[in-house]
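Taking it in order: structure first as structure tokens, then the write-up.
Quick note: the coordinates plus some simple rules give every number you see, no bench work behind them. Just so we're clear, the structure is a prediction, and the values are computed from it rather than from any experiment. Quick reminder, even Gly has a Cβ in these numbers, built from the backbone with ideal geometry, and neighbours come from all protein chains shown.
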Amino acid sequence: MSAGSGSMPDGPRHIPVMLPDVLDALLPKPNETYIDGTFGAGGYTRAILTAADCRVIAFDRDPTAIDAGAALVDEFAPRLTLMHRAFGEMQAVIADIGLAGVDGVVLDVGVSSMQIDEAERGFSFQNDGPLDMRMSREGPSAADVVNGFDEEQIADIIYQFGEERRSRAIARAIVKQRNAAPLMRTKNLADLVLRVFHGRKEDGRHPATRTFQALRIFINDELGELERALGAAEKILVPGGRLVVVSFHSLEDRIVKRFMAERAGKADQGSRYLPQKNIQVSPPSFRIVNSRPLTPQKGELDVNPRARSARLRAAIRTEAPAWSTVSGSG
Ligand SMILES: C[S@@+](CC[C@H](N)C(=O)[O-])C[C@H]1O[C@@H](n2cnc3c(N)ncnc32)[C@H](O)[C@@H]1O
């Protein structure tokens, strides 16, 4: 779905993370077509369209981001197409548009500053709001999970997607509290987690950080989306096309790192004493650009502390056919 007309609302803006590094890795050229899978405030899209007389197909699953992007569609007409779709669907979208392939795919995964800063979206434990956390504003919310799932399911989500060692204690406290009254606000949940930690912060971070991350990842199927997007990018990038991914926590970065290493024929083949779980049968479909991920420069962190955990990985598509399986997690 393309964005209709509308105006850019006033409000908190998003500072694009590692933008010069993204452009260096993507290398936009005239007459080429790029996918920006995470349009957000349009920071990357604007920079790509400004760097070269190229075309961008941009995706965002958040209807608010799509509405706010209508002014940019007009400004760069006809070179920008904005799609209200999840980036995991990019292969089908490109086929619907009638494109045979694209020259670059960039993903800046996670949430935008607008989403975090707007209390009503329910992503933040610092600004009290409804326990929502749905980027697309559709489907089950965080309140549905904490009030409706059983204790073990809640603990597993917090452990798996938040890497939270106290997941069982937090899930137990959630169930105890919801038996008295449902948890409906972000502050209720943040205070509950703080009580489980006896009010202690760790490295200056609120102990609810990991629980909120876990619920957000689960609600939006963020890791599944990332895996689908990587597999789709492999299929739609032309030889020489570039895949650039900026991620913000270890669970995402691990998926990107493994995917690129595997497709570049550099995956760890495991111990020779154990059965081989990952025998490469296909020629490499990607060449890795940097063996180590790029991280933000100090100057960037001074103006945008939210960039502190960013990791950029890039790979270039080879001539080899796409592999038959979607991987990256195994
Ligand atoms: C970190 S922001 C991107 C900011 C953007 N690079 C910029 O410079 O303005 C991430 C955006 O991606 C969107 N997003 C996250 N996961 C998505 C998915 N699976 N499909 C489509 N959009 C997604 C979010 O709604 C959010 O607007």
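Report, to two decimal places, the Cα Rg of the chain normalised by 2.2 N^0.38 Å (N = number of residues).
Normalised by 2.2 N^0.38 Å, the Cα Rg of the chain equals 1.03.
Need one number: % antiparallel among DSSP beta bridges in the chain, to the nearest 5.
So the antiparallel bridges amount to about 40 percent of the total.
What relative contact order, as a whole-number percentage, does region 111-246 give when Cα pairs under 8 Å and 6 or more residues apart are counted?
25
Take the Cβ-Cβ distance between residue 91 and residue 120 as r, set R0 to 41 Å, and report the resulting FRET efficiency rounded to the nearest 0.05.
Efficiency, rounded to the nearest 0.05: 0.80.
What is the chain's relative contact order, in percent, from Cα pairs under 8 angstrom and six or more apart in sequence?
17
Length gain on complete extension for the stretch residue 303 to residue 31, per 0.36 nm per residue less the alpha carbon to alpha carbon distance?
My answer for the length gained is 94.6 nm.
Summing -39500 (n - 2.57) over the DSSP H runs of n ≥ 4 in the chain and dividing by its residue number, what mean residue ellipticity at 222 nm do you reach, to the nearest 500 deg cm²/dmol?
Taken over the chain, the calculation gives -11500 deg cm²/dmol.
Compute the whole-percent fraction of alpha carbon pairs in region 158-271 spaced more than 25 Å apart.
41
Give me 318, 186, 50 ranked fewest to most by other Cβ atoms within 10 Å of their Cβ, as a rough exposure proxy.
50, 318, 186
Lys and Arg at +1, Asp and Glu at -1: add these up for the other residues within a Cβ distance under 12 Å of residue 300 and post the number.
Its environment carries a net charge of +1.
Which whole-Hz ³J(HN,Hα) couplings does region 128-135 yield from phi under the Karplus relation 6.51 cos²θ - 1.76 cosθ + 1.60, θ = phi - 60°, glycine and proline marked x?
Taking θ as phi minus 60°, the curve returns 5, x, x, 6, 10, 6, 8, 4 Hz for region 128-135.
Could you list 128, 96, 203 in order of exposure, starting from the residue whose Cβ has the fewest other Cβ atoms within 10 Å?
203, 96, 128
By how many nm would the segment from residue 221 to residue 99 lengthen if fully extended, with 0.36 nm per residue of separation less the alpha-carbon distance?
Net length gain for the segment: 41.2 nm.
Return the FRET efficiency for the residue pair residue 200, residue 266: r is the Cβ-Cβ distance, R0 is 51 Å, and the value is rounded to the nearest 0.05.
It comes to 0.80.
Measuring from label point to label point, each 7 Å out along Cα→Cβ, what is the residue 287 to residue 160 span in nm?
Going by the 7 Å Cα→Cβ label model, 3.8 nm.
Can you work out ³J(HN,Hα) from phi for every residue in region 286-302, in order, using Karplus 6.51 cos²θ - 1.76 cosθ + 1.60 and θ = phi - 60°, giving whole Hz and x for Gly and Pro?
9, 10, 6, 7, 10, 5, 10, x, 7, 10, x, 6, 4, x, 5, 5, 4
Can you check how the C-alpha radius of gyration of region 137-219 compares to 2.2 N^0.38 Å, as a plain ratio?
Region 137-219 yields a ratio of 0.99.
I need 123, 76, 59 ordered by Cβ neighbour count within 10 Å, fewest first.
76, 59, 123
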